[in-house]
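Single-structure report; data block below.
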Amino acid sequence: MDPLPPKQPIRLLRHLRLSMLTVYRRIFTIIVLLNMIGLFLLIQSPAKLEDMSTWASANFLVAILFRQDWVVNIIFRSAWLVPWSMPLRLRRMVARAYMYGGVHSGAALAGTMWFFTFTLMLTVRFAGEGQYTNLIFVITWFILIVLAIICFLSLPNLRSKYHNTFEITHRFLGWSSILLFWTQLMLLIKSKSFHKQETFRTVLIRAPTFWNLLILTCLILAPWLRLRRWTFTPHVLSSHALRLHFTNRIHRFSCLAISISPFGEYHPFATFPSTNPSEPGSSLIISAAGDWTKEQIRIANDLIRENNAYNSEKKMTFWIKGSPKAGVLSLTCIFQRVVIITTGSGIGPSLSSLVERPVAQVARLIWSTRSPELTYGSAICREVSNVDPDAIVIDTDTMGRPDLIQVAWKVYSEMKAEAVFVLSNEATTKKVVYGLESRGVPAFGPIWDS
């Protein structure tokens, strides 16, 4: 195999561009800096407390907006519309659409910054003028503490290390802060209406924060109003993998988040359509990567044994909320020649991109996994062969762990591909994407920053 070209540019610049200043972090930085400039300009003049409140709530509204399923789908589906006739450089820029999380985290931090300033101003007026009640003062500081905890636990290292804690606190502390915001707003409006000798209703409807908070609350509630249970047919592929088949209609390239309880942790899995006419619908693959996934495989095994013993067909049910979202691999459709690299159960979303790819697209799959047929079954292996007869399937049990960067470079060069997509665990994805991008190959893969 030909040697890899050297990494470019020099190490410091390479680290800055590919690690420290990713598109996600650039978006995050721009949003925070713009808000800092706005805050600096605003405090140069006699700033009103209402202005701080308005900008804080506006940023929180943007942060929540970019977490909505329908907004994410608009972003991805707009990217899919970019034709192959557009310059390759532009299409590669559009393919970074999955970095939208930078808007969420940037706006959330900026909103906290505005609210911190709001709290300081309210504290000064409370201490110096006695303008606000003790209750308003206490609630305001309590909200700030809650926001600080949410931001602290959202730091990438802490989020990765204590993921379950992050998920629980992000949700329930977020809900708590909304309730506290409403309480604070009502108290402030009541205080202002008393001092201005205006009706509560008049002051309320004139407050931009009220409308921001109302829309924000509706956005948070919307996915939960679409809470429902779906039925899945389990197919145990091995002790390491489970295939769940369902007949509910979904959009192509969809990622489905499922949970065993309505308010529990939701686990996202990419779906792929069935190629078997006798079994319409879609499927997702769960691999034994953690306690929750191992438990689902065990439950499915018990169900199948019970089905065989009593000649019955039992199903598994999971909770679904909101709408299924598109994922990173859906962006393969904007390239005419593409390489998809995946490991293990990443074959699920890879199959989605391959089965539903544009007719004229040339795609090559590189799948590295242990004992493919024993782990994922002959049916999955047949589907891989059907969608890409020339797929490179690497059995790590017999061939050892490959240098995926080397393999990807070779295939990318031979087929003159326009882009490479990588889907694996966090460490492998970052390593391969960095290894390819540092050699001038446009590589894309999921991010874990947001």
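One residue is enough: does region 153-160 have a residue meeting the conditions surrounded by 15 or more Cβ atoms within 10 Å (Cβ to Cβ) and either β-branched (Val, Ile, Thr) or over 22 Å from GLY102 (Cβ atoms) (or both)? No, the conditions are met nowhere in region 153-160. Answer yes or no: is there a residue in region 374-383 that is within 30 Å of ASN276 (Cβ to Cβ) and part of a loop (DSSP other than H, G, I, E, B). No, region 374-383 contains no residue that is within 30 Å of ASN276 (Cβ to Cβ) and part of a loop (DSSP other than H, G, I, E, B).
With respect to GLU356, is the statement that it is crowded, with 17+ Cβ neighbours inside 10 Å and of a type in the set (Asp, Glu) true?
no
Please enumerate the residues belonging to region 82-141 that are modelled with pLDDT of 95 or more, among the hydroxyl-bearing types (Ser, Thr, Tyr) and surrounded by 16 or more Cβ atoms within 10 Å (Cβ to Cβ). Hits for region 82-141 are TYR98, TYR100, SER105, THR112, THR117, THR119, THR140.
In the list SER287, SER282, which residue meets the criterion of being crowded, with 20+ Cβ neighbours inside 10 Å and under 16 Å from GLY327 (Cβ atoms)?
Values: SER287 fails: under 16 Å from GLY327 (Cβ atoms).
Only one candidate passes the filter, namely SER282.
What are the pairs, 6+ residues apart or on separate chains, where a residue within region 35-56 that is among the β-branched types (Val, Ile, Thr) has its Cβ under 9 Å from a residue that is in a loop (DSSP other than H, G, I, E, B) and surrounded by 13 or more Cβ atoms within 10 Å (Cβ to Cβ)? So the pair list comes out as THR54/ALA207. Looking only at residues that are within 28 Å of the chain's Cα centre (by Cα) and surrounded by fewer than 17 Cβ atoms within 10 Å (Cβ to Cβ) in region 33-67, which one is nearest to MET186 (Cα to Cα)? Only one residue fits best here, namely LEU65. Quick check on region 200-212: of everything there that is of a type in the set (Phe, Trp, Tyr) and out of contact with any Ser or Thr (no Cβ under 8 Å at 6 or more places or on another chain), which residue is surrounded by the fewest Cβ atoms within 10 Å (Cβ to Cβ)? Filtering region 200-212 for residues that are of a type in the set (Phe, Trp, Tyr) and out of contact with any Ser or Thr (no Cβ under 8 Å at 6 or more places or on another chain), the one surrounded by the fewest Cβ atoms within 10 Å (Cβ to Cβ) comes out as TRP211. For region 282-369, no strands (runs of 3 or more DSSP E) sit wholly inside it while including 2 or more residues that are acidic (Asp, Glu), in contact (Cβ under 8 Å) with a residue 24 or more places away in the chain and not assigned by TED's automatic domain parsing to the domain that holds THR271. Looking across region 213-270 at every residue that is under 19 Å from ALA288 (Cβ atoms) and among the polar types (S, T, N, Q), the one that is surrounded by the fewest Cβ atoms within 10 Å (Cβ to Cβ) is identified as SER239.
The values are calculated or read from the model by the stated rules, or taken from the named source; none is laboratory data. Because the structure is a prediction, the values reported are computed rather than measured. As a convention, Cβ positions derive from the backbone with ideal geometry for all residues, glycine included, and neighbour counts pool all protein chains shown.
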